[in-house]
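First comes the structure, then the notes that go with it.
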Amino acid sequence: MTVDHQTLALLLFSAFVAVTLGITTWVSRNRHGSAEEFYAGGRLFSPMENGFAIAGDYMSAASFLGISGLIALFGYDGLLYSVGFLVAWLVVLFLVAELVRNCGRFTLADVVASRMSERPVRIAVGTSSVAVSVLYLVAQMVGAGTLVALLLGGEGEAAQAWTVIGVGALMVVYVSLGGMRATTWIQIVKAVLLMGGAIALTVLVLVRFHGDFDQLLRTAAERSGRGEAFLAPGLKYGGDWIASFDFISLGLALVLGTAGLPHILSRFYTVPTARAARRSVVWSIGLIGGFYLMTIVLGFGAAAIVGPEAVRASNAAGNTAVPLLALDLGGGAGSAGGTVLFAIVAAIAFATILAVVAGITLASSASVAHDLYASLRRRRSKPRSEVAVARTAAVGIGVVAIALGLLARDLNVAFLVGLAFAVAASANLPVLLYSLFWHGFTTRGAVWSVYGGLVPSLVLVLMSPVVSGSADSLFPGVDFQYFPLQNPGLVSIPLGFLAGWLGTVTSAEPADEAKHAETEVRSLTGAGAV
Amino acid sequence: MRFDDPWYDALASGWGESDGTGGPVPVVADALEGRGGGAADVYLEVQRSAAFQEVRSRYRRFVIPGVAVFLSWYVGYVVLATTAPGLMARPVAGAVNVAMLAGLGQFLTTFLFTWAYARHARLRRDRAALDLRWDTQELTRGVRGGER
């Protein structure tokens, strides 16, 4: 990449950082630091605003660059990801969004703990929420580092490391100063930018092919060198039964994980009612679905216009397909149009990472302060403001994420995201669904269900080919691989549900009828919701 | 002081933050001091009422079949994509094959399910749920007032 690209991209990115810092200062003026304000932004966002913010929270750089890159390299198999990421929202809409808005206050643990003995449940759910958030956060940090190395030409390790540190520092500033209100506005701005960029590129691709989608597919298949096979599943996930099971496992984790992601759940508390939560999900499904439809055009467009070989030569994982496509659509390398489009795409990708990272940091600092700190330190220490604890937690989580992001620099981003989804689906979803819908669910069931999903999913990853036993592993030198699949979801999600059931049927104390009645009435009517 | 209603987050008591905009009002909590199982009885009573059972069954009658249909359609799609590539590669029109149609079909059905759910909730649940919400809140307030 030439110097022009870098300068322009850096300028645009600095402009985004300046605007978002401006937003942070603007919204945090005259605000007293109440918990309501810090975690939920005052609960007065409109459904449309929250819908854009949810879309901004959900569509990470892995979606924008990763999925279209996978389509450009492997054709149809990349599309399977986007289907999973979208269908997941039906689970959120049907089973989770309204009920969680009605029952909870700030975090996932609020919903579960209200029916149960509070302390053990809060500690369990808080721990798994933080685990999921940190995994997801590391994925985004690694993505940021890789992106800078690729887009700004800084191939050196130093450029990557400084990017990870810089992104971490920025997110801590956003979150600890501006709380949910600033985070929401940053996500809205990012969602608008991302949709705008995607629409512009899609239109340019379609214009290039005179609006003929069939022609686009044919050209992509031809240039891929695989012919018809490029347009059918099997290029990436075909082969033996292990590959098939691995893919089914990933598919399950994607569709069930979204409803257990703490930073997505906490977004429903920023609107006043369950009805507003529903309407924000409808908005976000429209935005996210439209966006993934466009990534299909962009992916096949990159295969047809740039060609899989050129994409692979730039980055083996395909992450640079969209920037390269932008360069070509603008008139090619060296042209003014190409430079501008390329810089815009690079800046949008940065904005995307920053917004997602801020959302996750906020959610995990809420889990630390509202669930873990409040349960663990209540009796011994003198009362401190919960918001102050959350601000400190945001700094702490930032430091941890920076450190892990630097350590995990060479891990595949898509894998880390898939892992975070698998852990969320195994540890958070079973306990959430049981406590909303099962009248006999008990405290022991809740605790077992969380740990019964969390521990197997993490242990199975440690024993998977990702960590050891093959040439691509994290530790290729040793071999303690006993589990053949890369994604643990297929085994650990059923285990989470099973553990919750087992804990419930073996517990000595019966479920509290009155508290179940309260949960059910409140979740469906919104009586007494804050 | 607060009473032990879990919804009002007993953990935060004494932390001086309940003065936030949407937070629980201290006056309500004061009124509840020393109260027995009154509010819990209200929720049990509402849960047994015909109006609530109707709202709940409307919700379940829509959501349970809905989830069953879209989850099996999605899982079926994923399993077919990995186990029957031959079927998926069958051309339909031009470069468009069965797999492409199935993938775009997933997008389409997701939008349709979203629309149907939002419509069902708006027309069949919202009004009744809102009435129940005010009734329940009136009842819990009544319990509190009576015991004061």
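Residue-wise test of (1) small (Gly, Ala, Ser); (2) within 25 Å of A:Gly104 (Cβ to Cβ).
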| site | (1), (2) |
| --- | --- |
| A:Phe415 | no, no |
| A:Ala422 | yes, yes |
| A:Phe441 | no, yes |
| A:Trp448 | no, yes |
| A:Pro456 | no, no |
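Looking at (1) within 14 Å of another protein chain (Cβ to nearest Cβ); (2) over 21 Å from the mean Cα position of the chain (by Cα); (3) closer than 30 Å to B:Leu104 by Cα, can you tell me which one A:Ala72 breaks?
Result: A:Ala72 fails condition (1) only.
If you check A:Phe85 against the conditions, is it in contact with a Phe, Trp or Tyr (Cβ under 9 Å, 6 or more places away or on another chain), outside any helix (DSSP H, G or I) and not polar (S, T, N, Q)? Steps first, please.
Numbers: in contact with a Phe, Trp or Tyr (Cβ under 9 Å, 6 or more places away or on another chain): yes; outside any helix (DSSP H, G or I): no; not polar (S, T, N, Q): yes.
Answer is no for this residue.
Here is a check on your reading of the model: is A:Glu509 within 9 Å of chain B (Cβ to nearest Cβ) and not basic (Lys, Arg)?
Numbers: within 9 Å of chain B (Cβ to nearest Cβ): no; not basic (Lys, Arg): yes.
In short, no.
Yes/no matrix, rows are residues, columns are (1) more than 25 Å from A:Leu327 (Cβ to Cβ); (2) of a type in the set (Asp, Glu); (3) under 16 Å from the mean Cα position of the chain (by Cα):
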{"site": "A:Leu21", "(1), (2), (3)": "yes, no, no"}
{"site": "A:Ala55", "(1), (2), (3)": "yes, no, yes"}
{"site": "A:Ala61", "(1), (2), (3)": "no, no, yes"}
{"site": "A:Ser68", "(1), (2), (3)": "no, no, no"}
{"site": "A:Ser82", "(1), (2), (3)": "no, no, yes"}
{"site": "A:Leu86", "(1), (2), (3)": "yes, no, yes"}
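Could you pull out every one of the helices (runs of 4 or more DSSP H) wholly within segment A:226-342 that has 3 or more residues that are in contact (Cβ under 8 Å) with a residue 40 or more places away in the chain, farther than 30 Å from B:Leu80 by Cβ and within 11 Å of another protein chain (Cβ to nearest Cβ)? Walk me through how you get there before you give the answer.
Numbers: elements: A:241-257, A:262-265, A:274-305, A:308-314, A:321-329.
The qualifying helices (runs of 4 or more DSSP H) are A:274-305.
For A:Leu79, work out the one condition from (1) part of a helix (DSSP H, G or I); (2) in contact with a Ser or Thr (Cβ under 8 Å, 6 or more places away or on another chain); (3) surrounded by 24 or more Cβ atoms within 10 Å (Cβ to Cβ) it doesn't fulfil.
So the condition that A:Leu79 fails would be (2).
Which numbered condition in (1) more than 11 Å from every other protein chain (Cβ to nearest Cβ); (2) within 18 Å of A:His263 (Cβ to Cβ); (3) out of contact with any Gly (no Cβ under 6 Å at 6 or more places or on another chain) is the only one that A:Trp162 fails?
Condition not satisfied by A:Trp162: (2).
Looking at A:Val173, A:Val148, A:Val112 in this structure, which one is over 24 Å from A:Ala18 (Cβ atoms) and of a type in the set (Val, Ile, Thr)? So that I can check it myself, show each step before the final result.
Working: A:Val173 fails: over 24 Å from A:Ala18 (Cβ atoms); A:Val148 fails: over 24 Å from A:Ala18 (Cβ atoms).
Residue meeting the stated conditions: A:Val112.
Based on what the data block shows, is B:Leu112 over 27 Å from B:Ala40 (Cα atoms), more than 9 Å from chain A (Cβ to nearest Cβ) and among the hydrophobic types (A, V, I, L, M, F, W, C)?
Yes.
Given the structure, is A:Tyr136 within 20 Å of A:Leu252 (Cα to Cα), in contact (Cβ under 8 Å) with a residue 24 or more places away in the chain and more than 21 Å from the chain's Cα centre (by Cα)? Step through it out loud before you land on a result.
Values: within 20 Å of A:Leu252 (Cα to Cα): yes; in contact (Cβ under 8 Å) with a residue 24 or more places away in the chain: yes; more than 21 Å from the chain's Cα centre (by Cα): no.
When the stated conditions are applied, A:Tyr136 does not pass them.
Report, ordered by the first and then the second residue, all pairs with beta carbons closer than 8 Å, sequence separation of six or more or different chains, a first member in segment B:80-99 that is within 7 Å of chain A (Cβ to nearest Cβ), and a second member that is of a type in the set (S, T, N, Q) and in a strand (DSSP E or B).
B:Met88/B:Asn97; B:Ala89/B:Asn97
Does segment A:368-378 contain any residue that is under 19 Å from the mean Cα position of the chain (by Cα) and modelled with pLDDT under 85?
Scanning segment A:368-378 turns up no residue that is under 19 Å from the mean Cα position of the chain (by Cα) and modelled with pLDDT under 85.
Pick from segment B:51-110 the residues that are surrounded by 14 or more Cβ atoms within 10 Å (Cβ to Cβ) and part of a strand (DSSP E or B): which of them is modelled with the lowest pLDDT?
B:Val96
Please go through (1) over 22 Å from A:Val130 (Cβ atoms); (2) in contact with a Lys or Arg (Cβ under 9 Å, 6 or more places away or on another chain); (3) surrounded by 15 or more Cβ atoms within 10 Å (Cβ to Cβ) for A:Met463 and return the number of the only condition it doesn't satisfy.
(2)
Out of A:Ala109, A:Ala149, A:Ala124, A:Ala97, which single residue is farther than 30 Å from B:Ala40 by Cα and part of a helix (DSSP H, G or I)? Spell out the reasoning first.
Working: A:Ala109 fails: farther than 30 Å from B:Ala40 by Cα; A:Ala124 fails: farther than 30 Å from B:Ala40 by Cα; A:Ala97 fails: farther than 30 Å from B:Ala40 by Cα.
Residue meeting the stated conditions: A:Ala149.
Give the number of residues within segment B:106-128 that are in contact (Cβ under 8 Å) with a residue 12 or more places away in the chain and out of contact with any Lys or Arg (no Cβ under 7 Å at 6 or more places or on another chain).
Selection size over segment B:106-128: 8.
Any residue at all in segment A:481-494 that's within 30 Å of B:Thr136 (Cβ to Cβ), in contact with a helix residue (DSSP H, G or I) (Cβ under 8 Å, 6 or more places away or on another chain) and crowded, with 16+ Cβ neighbours inside 10 Å? Reasoning before the result, please.
Here is the first cut: in segment A:481-494, the ones within 30 Å of B:Thr136 (Cβ to Cβ) are none.
No, every residue in segment A:481-494 fails to be within 30 Å of B:Thr136 (Cβ to Cβ), in contact with a helix residue (DSSP H, G or I) (Cβ under 8 Å, 6 or more places away or on another chain) and crowded, with 16+ Cβ neighbours inside 10 Å.
Looking only at segment A:233-250, filter to residues that are modelled with pLDDT of 80 or more and of a type in the set (A, V, I, L, M); which one of those is surrounded by the most Cβ atoms within 10 Å (Cβ to Cβ)?
Ranking the candidates gives A:Leu250 first.
The values are calculated or read from the model by the stated rules, or taken from the named source; none is laboratory data. Predicted model only: the values in this text are computed from it and were never measured. A quick note on method: Cβ atoms are made from the backbone with ideal geometry, for glycine too, and the neighbour counts reach across all protein chains shown.
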